[in-house]
Structures are given as structure tokens and as C-alpha cells.
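Okay, structure first, notes after.
The values are calculated or read from the model by the stated rules, or taken from the named source; none is laboratory data. The structure displayed is predicted, hence computed values, not measured ones. With ligands, DNA and RNA removed, areas are computed over all heavy atoms of the protein, side chains included. Shrake-Rupley method; radii C 1.70, N 1.55, O 1.52, S 1.80 Å.
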Amino acid sequence: MTDPVRDLALAYRILGSFKIGVGVLAHLTMRGTRGSTFWTYQLGQSVEEVRTADLVEVDFDLKPISGPGKVNPSLSIHGKIYSARPDVQAIIHHHGANGVALGAIGASVIPFDQHAARWHEEIALAEVYESPLLHGQSASIADALGDMKALLLKHHGVLITGSCLADAVVSTIELDNVCGAQLKAMAAGEVQSMPAAELADVKQVMGSSIYYEAAWAYYLRRLHRLGLDRGIDDASPMGFEAVDVDLARDYSASVREK
């Protein structure tokens, strides 16, 4: 990666090309070079709309460091995780149907093939989800993640961490595919786990930098072929106005009162 911030904008577009995070509720962040900050996009944007000019750097308390615009207050979750996990360089959260459906039945990933085996002992299931915006529970989500790579939030979605941006993006796409394949297998019969003797070898390959760097390079080529990287460097004013953070907080307060 030569320009981390531009790569982050491309990462949003990659997720959008796979219909992951489309809408206004998904999150992708990347730790800043300062170590105590992270980059994110504008509140109110969908992943496929993001340009380099839209990115903003904030500290772990969501105070702006550089870049214009407003950020989602629920990103306090990411601040807590970055603070607790120096090894984490990027975080993705989305509500894709595959992860939501698997979590809804209280199931986690079974290592049934090489892609699923990559998640063996690296994914946790959070039985209880409480919105950090409504209940201030961002610390509990970080606790539920612990030292795992990913978290299935029951009744909510998926959270994935990465040792770098490419790792997080590739892992997110892979996990979404795995959840979808497992749901199909569960509908057809009993899902059988890969033999234990094979797990370590498979994880060593599928979790390696060689794999995710190659996959990331492919995703960039695919994005360009599809023409979905157009406008990534456009700096003109956006055609939407970000949701007002104060209004969002007022709404959350009215929900609590009810």
C-alpha cells in the first residue's frame, strides 16, 4: 500500500462491490499513523460512495484530528477496540444477511472447509448485544471480542478486525461467504467439521499475508475492471448532507425514554 488513506477509500468501494455494508449503518475504520487515532468516512454515506476527500481522522474519543465532516457516534466501539488491541489496525462492522442469520440462531462458524477453517478458534459469539449509542456498551463489545479476530453479534451483525487494512477487507468478504455456505449446508443436513489434523495447515495458509495480499490485489483489479473506482479522487462537494450527530443523539434519548 502506497497511500493508506486512498487505499481506505478503495476498501470501502471494494466492500460495496460485494454488496457488503451498502446503506448507512456499516463501519470501516483504519488506525492512523499516530497509533492513537483512526480514519473513517462521513456519517450518512454508503460504502460505495466514499472518496478520499470524505475521510476524517479522529482520536479514540471521536474528537476530529483532520478532515471535514461528521462521524457516527457509535464508532466509540472502534475506539475501545483500538485502545485495548494494539495489534488491530483496521475494523469492519456490517449487517450482512449471512452473518446476521447465523448469529440469529445462536450459531458460530464450523470449520467445514478451508475458508471456514481459517476462523477456527478466532471468532466469538456475543449472546447479548446492547447498542453503544443507546446504552453506552461499547466497552462490553470490546470485552466480548477479547483477543479474537471476529465477533458475531447475536441479533445484530458481524465485527471483524485486521492486522492491516487488506487483512480486514479480505477477511470480511471471506467470512460473509463462509456464513452463507454454512447456512446452506445446515439446511441440507449436518455440517461436518474438517479433520483436526488439517486445521493448522489450512489456517497457516488462509490466514497468511501471502493470501490476503494476493486477494487484496485481485479485488483492486476487479474494482477497476468494473469501473467502481471512478471518482475516488474527486474533491468536489458531495451531493448529500451528513446526518446531524446532535439529532441522532436526540433520537436515541427519545428511544430510551420510551
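How large a share of the accessible area of the range 165-241, in percent, is made up of carbon and sulfur atoms when the probe is 1.4 Å and the other protein chains stay in place?
Summing carbon and sulfur atoms, their accessible area is 55 percent of the total for the range 165-241.
Could you name the lysines in cross-link range of K80, using Cα to Cα under 21 Å and dropping any fewer than eight places away on the same chain?
K63, K70, K149, K154
Rounded to the nearest whole Å², what accessible area per residue is found for the chain with the 1.4 Å probe?
Here the per-residue accessible area is 47 Å².
Quick one: which residues, 5 or more positions from R85 or on another chain, have an amide H under 5 Å from its amide H? H modelled 1.01 Å from N in the peptide plane, none for Pro or chain starts.
none
Just to check I understand the Karplus step: with θ = phi - 60° and J = 6.51 cos²θ - 1.76 cosθ + 1.60, what whole-Hz values come out for the range 204-218, glycine and proline as x?
4, 7, 6, x, 8, 5, 4, 6, 6, 5, 5, 5, 4, 4, 5
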